[in-house]
Amino acid sequence: MAAPAFDEAKPVEVRGLVKRYGRLIAVDGVDLTVERGDVYGFLGPNGAGKTTTLRMLLGLIRRDGGSIRLFGRDPADPLHALAGVAGFIEEPRLYPYLSGRANLQLLAALDRGRAGRAQVDEVLELVELRERAGDRVSQYSQGMRQRLGLASCLIRRPSLLLLDEPANGVDPGGIRFLRALLRRLSDEGMTILLSSHLLAEVQEVCNRVAVINNGRVVKEGALADLVAAGGHAYRLQATNLPSAADALRPLEGVQELRREDDELVFTLGSGDDTVEVTRALAAAGVGISALVREQATLEDLFFRLTGAAAPAGDREAVAA
Ligand code: ATP
């Protein structure tokens, strides 16, 4: 049997998407293209417009401009648009007084009964909730609720999964589990679009990313290309860090100079080398005990693109 026409289209095509709240333009001309098999990371600081974009993708709020196509269909068309698409925003909607299993059975029944008992068991197994499936959802931890939320998406066997901050409130073990699950779903052919603040996690699971800031996409592309174009990060241990910072700050290639514990960390563009750096330090009378080169991370790129403040405690601004 021939696949339906929309199935041949791209999972997500967004062009010039706009959403206004009064005078605030929350989403300001966003373009996104997600190809089949992508695990696509949608990144941005608080208030950047990620959730608002995902709400429009799921047809939960109306857009003020632009177009959205999910497998070639407009999510504003309530009848067919979300065929093959599942996801949740912020927190999954679940019945707290029912068990995890009952929640899934209810959803399966609503979904024209296509999912049977075996499939409920299968998704419970997949999200590792089988042992607790009989407990009321009100007794679940936040991480367990997130996993049941995922199960409630997976029971519909979607081709496209849209997730808003799926690792919110999940502990490190849960994040590792989520990472493995997303990889497995992707290996099985599912396309995934997820928003996240957890840059290291995104770097682990996503093949493409879009970085959004103030409602606009400021960077989009294959993760490997973006990270490679980000140049290198350097860690410097030296005799006098304040003097070293003063010597490095005026150098053109040096970016994102900051202090982390007893080191200075900075990035150098791919065309720049360290000769200028060591000369400047020597001229300032700074003794170098170590200068180590690392590939710049997605986090480095994120802070550069969004100008977002680094998390307190994690990074200290270099004193002026
Ligand atoms: P976070 O990471 O904090 O969830 P986000 O990138 O998901 O942020 P959005 O929730 O999409 O950001 O918000 C984008 C902007 O739109 C913010 O300035 C927010 O205050 C505003 N906004 C979102 N929803 C509404 C609403 N219902 N009414 C008015 N303003 C809103």
DSSP bridge orientation in the chain - percent antiparallel, rounded to nearest 5: 70
Summing Lys, Arg as +1 and Asp, Glu as -1, what charge do residues with Cβ under 13 Å from the Cβ of ALA222 carry, ALA222 excluded? -2
Near the amide H of VAL217, under 5 Å away, which other amide H atoms are found, from residues 5 or more places off or on another chain, if H is placed in the peptide plane? ASP31
In the neighbourhood of ALA180 defined by beta carbon distances under 15 Å, the net charge of the other residues (Lys, Arg +1; Asp, Glu -1) is -2
Relative contact order in percent for the chain (Cα pairs under 8 Å, 6+ apart) equals 19
When the scattering of region 59-172 is computed by the Debye formula from its Cα atoms alone, each counted once and equally, what is log10 I(q)/I(0) at q = 0.13, 0.20, 0.24 Å⁻¹? -0.52, -1.09, -1.38
Take the alpha carbon atoms of the chain, find their radius of gyration, then divide it by 2.2 N^0.38 Å using N residues; give the quotient. 1.17
Spin-label point model (7 Å from Cα, Cβ direction): what's the GLU90 to ARG15 distance in nm? 3.2
With 10 angstrom as the radius, rank MET56, MET144 by how many other C-beta atoms surround their C-beta, starting from the fewest. MET144, MET56
Put in order of increasing Cβ neighbours within 10 Å, starting from the fewest, ASP261, ASP246, ASP171, ASP28 give ASP261, ASP171, ASP246, ASP28
Cut-off is 10 Å between beta-carbons; in what order do ARG63, ARG132 appear when sorted fewest neighbours first? ARG132, ARG63
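None of the figures in this text is laboratory data; all of them are computed from the coordinates on show. This structure is a prediction, so every number in the text was calculated from the model and none was measured. Methodologically, a virtual Cβ is constructed for each residue, glycine included, from the backbone with ideal geometry; neighbour enumeration extends over all protein chains shown.
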